[in-house]
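The values are calculated or read from the model by the stated rules, or taken from the named source; none is laboratory data. Computed from a prediction, not measured in an experiment: that's the story for all the values here. All Cβ positions, glycine included, derive from the backbone under ideal geometry; neighbour counts span all protein chains shown.
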Amino acid sequence: MNLNLGLFGFGCIGQGLWDVLHRTNGLRSSIARICVKDRKKSRPLSQDYFTYDKDDILNDPEINVVVELIDDADAAFDIVSKAMRQGKAVVTANKKMVATRFRELLDLQTSTGMPLLYEASTGGSIPIIRNLEEYYDNDLLSGVEGIVNGTTNYIFTQLMENPERGYAHALAEAQAKGFAESNPSLDVDGWDATYKTLIIAAHSMGSVLDPRQIVRRGISHITPFDIAAARSLGCTVKLLSRVLLHGNGFSASVLPALIPNSDSLANINNEMNAIRLHGAFSDDQLLVGKGAGAHPTASAVLSDISALRYSYRYEYKKLQQADAPVFNIGNPVRVFVRGPKELLNELPFSDVHVDHRTSSGSYRIGDLSLLDLSRSFAFNSETCFIATMVE
């Protein structure tokens, strides 16, 4: 089957895709047209490839695959939905579009009969969606957790190595090296990881969530005191995505985490990502790869394009299970909370394991439910740093 591609967006990933396509022999696919917005921008290809009208691709009967690689989630959904209604298969890397329009995209796949693949939306080069769909489709998963945002992982790596420099310096360094945007809020506030967590939850637990249901907190309130405390506890700090089974229910969260230095996730540094799957039959498996960058992300897009050659589509087996676990954040978690005494006292801990008070700062380590944690004043206060404890 020959694949004639219409590409939307020619930024970092789009140019990476062009490169890997032309270095991959035997794929029998080529980019016919590329739709972009900026007419004045200099590009390394002949102008003949480019159009500024999306309908030049969407209405072209010779183009049978649309590859969507733009930033705007709403515009992306418009492109994707029209392409599928026109009988075109779609590959996308837009995690916000997939996460916020998941049910609509499911309905589109059913009504049009066209496949929608989005491996590149979650974990960069790590093939997590395909593994959940194929390898773990019948394995009872007790959890999926990992580092799914390269920006925050780079920042935490720098803080653990040089805690005295502080968060602002580490962020500026990430921006200077291209690991963080000029407006980094999507990453540092945890939204990027939240969208990815939602997609993982759908494919691992068979439940489609609203992003606002996922317990989320960013990293910007961390201080050198918190880094020093983590080191004294023999831990490393990471932003951790977690989808965990608890009896007949499951929880989903994106929170900073104190991870023991002996844990394999503690040794995933800089822009690298890692996802650990807890299987009932396959035990634990760890997938590691680059979570960002032109070629790593383009490799995931390329994998989806290649899969279309044999009419691959997601079967969503977990979503079809009658006994899928129910979303429930009433499960107890162990947390580290640093903050003012009045906010620490307000937290409804069922048990306190450490109550550390000094003139330089105070923190407690104790147990409470994710629900109670998310409703607390401390959780919504900029004066507190909160992290789950990984045991």
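Points to keep in mind about this one:
- Tallying residues that are part of a loop (DSSP other than H, G, I, E, B) and of a type in the set (Gly, Ala, Ser) within the range 263-296 yields 5.
- For beta carbons closer than 6 Å, sequence separation of 6+ or different chains, a first residue in the range 90-108 that is over 14 Å from residue 300 (Cα atoms) and in contact (Cβ under 8 Å) with a residue 12 or more places away in the chain and a second that is buried (at least 22 other Cβ atoms within 10 Å of the Cβ) and of a type outside the set (A, V, I, L, M), the qualifying pairs are 96/195; 98/118; 98/121; 99/195.
- Pairs, first buried (at least 16 other Cβ atoms within 10 Å of the Cβ) in the range 45-60, second of a type in the set (Gly, Ala, Ser) and not in a helix (DSSP H, G or I), C-beta under 7 Å, six or more apart: 57/6; 60/6
- Annotation: residue 77 fulfils all but one of (1) within 30 Å of residue 174 (Cβ to Cβ); (2) crowded, with 24+ Cβ neighbours inside 10 Å; the unmet one is (2).
- Matching residues in the range 21-44 - criterion: being of a type in the set (Val, Ile, Thr) and surrounded by fewer than 16 Cβ atoms within 10 Å (Cβ to Cβ): 24
- Of the residues 187, 139, the single one that is of a type in the set (Asp, Glu), in contact with a Gly (Cβ under 6 Å, 6 or more places away or on another chain) and either at pLDDT below 95 or not assigned by TED's automatic domain parsing to the domain that holds residue 81 (or both) is 139.
- Residues considered: 67, 80. Of these, the only one that is touching a residue at least 24 places away in the same chain (Cβ under 8 Å) and not in a helix (DSSP H, G or I) is 67.
- From the options 360, 306, 350, 311, residue that is polar (S, T, N, Q) and surrounded by 13 or more Cβ atoms within 10 Å (Cβ to Cβ): 306
- Residue among 193, 168 that alone is among the hydrophobic types (A, V, I, L, M, F, W, C) and modelled with pLDDT under 95: 168
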